[in-house]
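> Structure below; questions to follow.
The values are calculated or read from the model by the stated rules, or taken from the named source; none is laboratory data. Everything quoted here is computed from the prediction, not taken from an experiment. A quick note on method: Cβ atoms are made from the backbone with ideal geometry, for glycine too, and the neighbour counts reach across all protein chains shown. Just the protein is used for accessible areas: all its heavy atoms, side chains included, with ligands, DNA and RNA removed. Shrake-Rupley method; radii C 1.70, N 1.55, O 1.52, S 1.80 Å.
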Amino acid sequence: MAEKSFKYVIVGGGVSAGYAAREFAKQGVNPGELAIISKEAVAPYERPALSKAYLFPEGAARLPGFHVCVGSGGERQLPEWYAEKGISLILSTEIVKADLASKTLVSAAGESFKYQTLVIATGSTVLKLSDFGVQGADSKNIFYLREIDDADQLVEALKAKKHGKAVIVGGGYIGLELSAVLRLNNIEVNMVYPEPWCMPRLFTEGIAAFYEGYYQNKGVNIIKGTVAVGFDTHPNGEVKEVKLKDGRVLEADIVVVGVGAKPLTTLFKGQVEEEKGGIKTDAFFKTSVPDVYAVGDVATFPLKMYNEIRRVEHVDHSRKSAEQVVKAIFASEQGKSVDEYDYLPYFYSRAFDLSWQFYGDNVGETVLFGDADPNSATHKFGQYWIKDGKIVGAFLESGSPEENKAIAKVAKVQPPATLDQLAQEGISFASKI
C-alpha cells in the first residue's frame, strides 16, 4: 500500500484530537499538513454526552449535535470543517504499530503513515470484568461505555428491555451517571460497588452520604462492600443474574460496568519514558522522544500548582492539554516560547437535577457546609479541603455560575482559612475572594 506522509499526525480521535485540530487551524496550519487517525468511525465528539443526554428517554442528544468543540461553547466541527481546513480525518483506522525511531505508524489494514511531529492522543480504554477473570463476563447485554458504538448498543438494549432490571457494577463516575439515566428510562436499578461509599477517589463520606441518599430516594438500590463475581445467562446467552461475592444474586436484563479505565500506551511501550501509568511529558507535553508529544488521559505531566507530576483523566484536561501542545509545537518551530501548563484540576458531573463541580486538590482536613440533606428541596452544599492552613480544594453542589467561578478562584488562590471560619461562612467565603 502507498505510504502517506504528513507534517503533523495526531493518533487518536477523541476530545483532545478535536481541540488540537481547532488550535492547529488557529495557528495557521497549511492544508495537507495535519492528519488525525482515529479507530472510531465519526469525527471527534464530546465524549461526556454518552453517559448523559445520549441515553435520555426523550430529546436524546445525537450526532452531529455534540461534535467538538460545543462542550466548551465553541464551534461544532463537522467532518466538512476538517475538509475545509485541509485536515485529513482518517477514520475507522486503528494503528497497530508505532515506530518512533523511523517516525512511522502502521494500521491494522497495513497502511503506513509517516510524520515529522506526532501527538499521542490515544486516551483510555475501559477495564473489563474479563480482565479480572470474572465468570460469565462475556455474556450478552453486559455493557461498557467509552465510545459511541458502546452507547448505541446500550440504547438498543434499553428499547428491548423496557421497564427491565439493571445492575450497575461500580460506584464511580459511570456508575452514578448511568444509574441516574437508567432510572429516567424507568429501569429498575441496583448499583453495586466494593468501597464504603461512592466516588471514593474524590468524595468524602459526608459528600457521598448526600448522593447515596438522593439516589435511593430516586429508586436506585445501592449495595456496598461487595463485588460481582459471576453471571448466569438465559439459553440465548443474555445475562439473567449477577452473583455477588457476599452470596446475594440479583436479577438483571442489562448490566453496565464502570470499574475504571487504563491509558492506551501499549503502542509506545519501551520507546518512550513512562511514569505513573502514563507517558511522561514536560509542561509543554513533550515526551522523552524528540518530536513526539502526548496529551489528555495518556500524559503524566507536571502539575505546577502542587509541584508534582500527575496523570489526569478528565475532559477539561483533554481539551486544555490539546490546546497547549499545539501552541508549544508552533512556538518551538518559530523559536518562541509559551507559558508552562499551569493546570487547576477540575471535575464535574450532572445527574437527575443535580450538578456539582470540584476544583483543586482533595487532601487535608475538610469542612462540609450548606444543606446536605438528601431529602431537602434545595440541596445546595459544598466542602472545602484545608492543608497547612490554606484552602487547597473546593466542591459545590447546585452552585450558580458565579459561585462555581468563586470556588475555582479559591482553589487557585489558596487563601488562608480556618475550619470554623469556613463552616460558618460557607460559599460566601469563596465569593469574597
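> From the list LEU105, LEU154, pick out the single residue that is touching a strand residue (DSSP E or B) at 6+ places or on another chain (Cβ under 6 Å), part of a helix (DSSP H, G or I) and either modelled with pLDDT of 95 or more or basic (Lys, Arg) (or both). Working first, answer last.
Working: LEU105 fails: part of a helix (DSSP H, G or I).
The unique qualifying residue is LEU154.
> Let me ask you something else. Are there any strands (runs of 3 or more DSSP E) wholly within the stretch 167-247 with 1 or more residues that are at pLDDT below 95 and open to solvent by less than 50 Å² (accessible area, probe 1.4 Å), and if so which?
Hits in the stretch 167-247: none.
> Starting from residues that are outside any loop (DSSP other than H, G, I, E, B) and without any contact (Cβ under 8 Å) to a residue 60 or more places away in the chain, keep the ones in the stretch 67-88 and report whichever is most open to solvent (accessible area, probe 1.4 Å).
Selected residue: GLU84.
> Could you list all residues from the stretch 26-57 that are aliphatic (A, V, I, L, M), surrounded by 14 or more Cβ atoms within 10 Å (Cβ to Cβ) and part of a loop (DSSP other than H, G, I, E, B)?
Hits for the stretch 26-57 are VAL29, VAL42, ALA43.
> Here's a follow-up. When both residues are 6+ apart or on different chains and their Cβ atoms are under 9 Å apart, which pairs have a first residue that lies in the stretch 41-52 and is without any contact (Cβ under 8 Å) to a residue 24 or more places away in the chain, and a second that is open to solvent by 20 Å² or more (accessible area, probe 1.4 Å)?
Pairs that qualify, where the first residue is without any contact (Cβ under 8 Å) to a residue 24 or more places away in the chain and the partner is open to solvent by 20 Å² or more (accessible area, probe 1.4 Å), are ALA49/ALA61; ALA49/GLY65; ALA49/GLY71.
> Also: Say we look at the stretch 92-119 and pick out the residues that are within 16 Å of GLY32 (Cα to Cα) and under 27 Å from the mean Cα position of the chain (by Cα); which of these is surrounded by the most Cβ atoms within 10 Å (Cβ to Cβ)?
Checked the stretch 92-119; the qualifying residue surrounded by the most Cβ atoms within 10 Å (Cβ to Cβ) is LEU118.
> Filter the stretch 19-54 down to the residues that are under 23 Å from the mean Cα position of the chain (by Cα), of a type outside the set (Phe, Trp, Tyr) and under 16 Å from SER92 (Cα atoms) and list them by number.
Residues satisfying the conditions are ILE36, ILE37, SER38, LYS39, GLU40, ALA41, VAL42, ALA43, PRO44.
> Sticking with this structure for a sec: Using the structure shown, decide if PHE285 is open to solvent by less than 60 Å² (accessible area, probe 1.4 Å), touching a strand residue (DSSP E or B) at 6+ places or on another chain (Cβ under 7 Å), at negative phi and of a type outside the set (A, V, I, L, M).
Values: open to solvent by less than 60 Å² (accessible area, probe 1.4 Å): yes; touching a strand residue (DSSP E or B) at 6+ places or on another chain (Cβ under 7 Å): yes; at negative phi: no; of a type outside the set (A, V, I, L, M): yes.
No: the conditions fail for PHE285.
> Have a look at PHE56, PHE113, PHE66 and point out the one that is over 30 Å from VAL242 (Cβ atoms) and touching a helix residue (DSSP H, G or I) at 6+ places or on another chain (Cβ under 8 Å).
Checking each option against the conditions leaves just PHE66.
> In the stretch 120-143, which residue that is of a type in the set (Ser, Thr, Tyr) and assigned to a strand (DSSP E or B) is least open to solvent (accessible area, probe 1.4 Å)?
Going through the qualifying residues, I end up with SER124.
> Out of (1) closer than 27 Å to LEU182 by Cβ; (2) in a strand (DSSP E or B); (3) in contact with a Ser or Thr (Cβ under 9 Å, 6 or more places away or on another chain), what's the single condition that is false for GLY399?
Result: GLY399 passes all but (2).
> Could you list all residues from the stretch 182-211 that are among the aliphatic types (A, V, I, L, M), in contact with a helix residue (DSSP H, G or I) (Cβ under 7 Å, 6 or more places away or on another chain) and under 23 Å from ALA423 (Cβ atoms)?
The answer is MET199, and nothing else.
> Given the criteria touching a residue at least 60 places away in the same chain (Cβ under 8 Å), surrounded by 18 or more Cβ atoms within 10 Å (Cβ to Cβ) and either assigned to a strand (DSSP E or B) or basic (Lys, Arg) (or both), does TYR384 qualify?
Considered against the rule, which asks whether it is touching a residue at least 60 places away in the same chain (Cβ under 8 Å), surrounded by 18 or more Cβ atoms within 10 Å (Cβ to Cβ) and either assigned to a strand (DSSP E or B) or basic (Lys, Arg) (or both), TYR384 comes out as no.
> Going by the conditions given, is VAL106 closer than 30 Å to PHE268 by Cα and free of Cβ contacts under 8 Å to residues at least 24 places away in the same chain?
So VAL106 fits the description; yes.
> Moving on to the next point. Do the conditions hold for LEU154, that is, is it buried (at least 19 other Cβ atoms within 10 Å of the Cβ) and within 24 Å of SER92 (Cα to Cα)?
yes
> Okay, moving on. Considering only residues that are over 21 Å from SER332 (Cβ atoms) and surrounded by fewer than 19 Cβ atoms within 10 Å (Cβ to Cβ), which ones fall in the stretch 288-308?
Scanning the stretch 288-308 gives MET305, TYR306, ASN307, GLU308.
For every residue, the table says whether it meets (1) surrounded by fewer than 16 Cβ atoms within 10 Å (Cβ to Cβ); (2) modelled with pLDDT of 95 or more; (3) out of contact with any strand residue (DSSP E or B) (no Cβ under 8 Å at 6 or more places or on another chain); (4) under 30 Å from LYS26 (Cα atoms).
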{"position": "TYR343", "(1), (2), (3), (4)": "no, yes, no, yes"}
{"position": "PHE347", "(1), (2), (3), (4)": "no, yes, no, yes"}
{"position": "ILE407", "(1), (2), (3), (4)": "no, yes, no, no"}
{"position": "PRO416", "(1), (2), (3), (4)": "yes, yes, no, no"}
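> List every residue pair whose Cβ atoms sit under 6 Å apart, with the two residues 6 or more apart in sequence or on different chains, where the first one lies in the stretch 258-276 and is closer than 12 Å to ARG146 by Cα and the second, anywhere, is hydroxyl-bearing (Ser, Thr, Tyr).
ALA261/SER124
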